[in-house]
Amino acid sequence: MPHQCNRTGCQEEAKWAPKLNVPMFNTIGQPTQDITGIFGLKLCDEHIEEIKPEEFTNLKEVVLQLIGSSTADTPDLESVYFSKVSLDSNEYELFINPPKIASEPFRPKNMATPSAPFPRLLPLRNLN
Ligand SMILES: [Zn+2]
């Protein structure tokens, strides 16, 4: 079933979900692996390229929620960026339908818990 782009006023078919990437630094200031989280937005070819972390007025909250208490590393909030995940990909499927039992071995360690109603992406500043 095709999805319509979530951007207000856009009639195009959505093919992508944004994935937030948060660069992390350890306690001695060395870069470690990015923490990532897929957002429950569906966007078309054009709008997936336009989405920017600055659009989200609650970006810092979202990032802190994404990181949780699982690491002592520090996020670089100035360098947060989006990449994209195909709505047809296994990665997105895992986000929508996380394994119900013994899920830990199947989930990348640096991903947010996909079953949570996270992240709340509102409010967007520029909906048009
Ligand atoms: Zn669109």
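Would you mind giving the three semi-axes, in whole Å and largest first, of the ellipsoid equivalent to region 1-105 according to its Cα gyration tensor?
26, 19, 10
How big is region 58-100 along each principal axis, measuring the range of its Cα positions in Å and listing the largest first?
Principal extents (Cα only, largest first): 31, 24, 18 Å.
Starting from the Cα gyration tensor of region 41-81, take the square roots of the eigenvalues, sort them a ≥ b ≥ c, and report rounded, prolate or oblate (rounded when a/c is under 1.5, otherwise prolate if a/b is larger than b/c, else oblate).
It comes out prolate by the Cα gyration axes.
Cα to Cα, under 15 Å, and not fewer than 8 places away if on the same chain: which aspartates and glutamates meet these conditions relative to K60?
Those aspartates and glutamates meeting the cut-off are D76, E78.
No value in this document is a laboratory result; all are computed from the given coordinates. For clarity, every value in this text was computed on a predicted model and none was experimentally measured.
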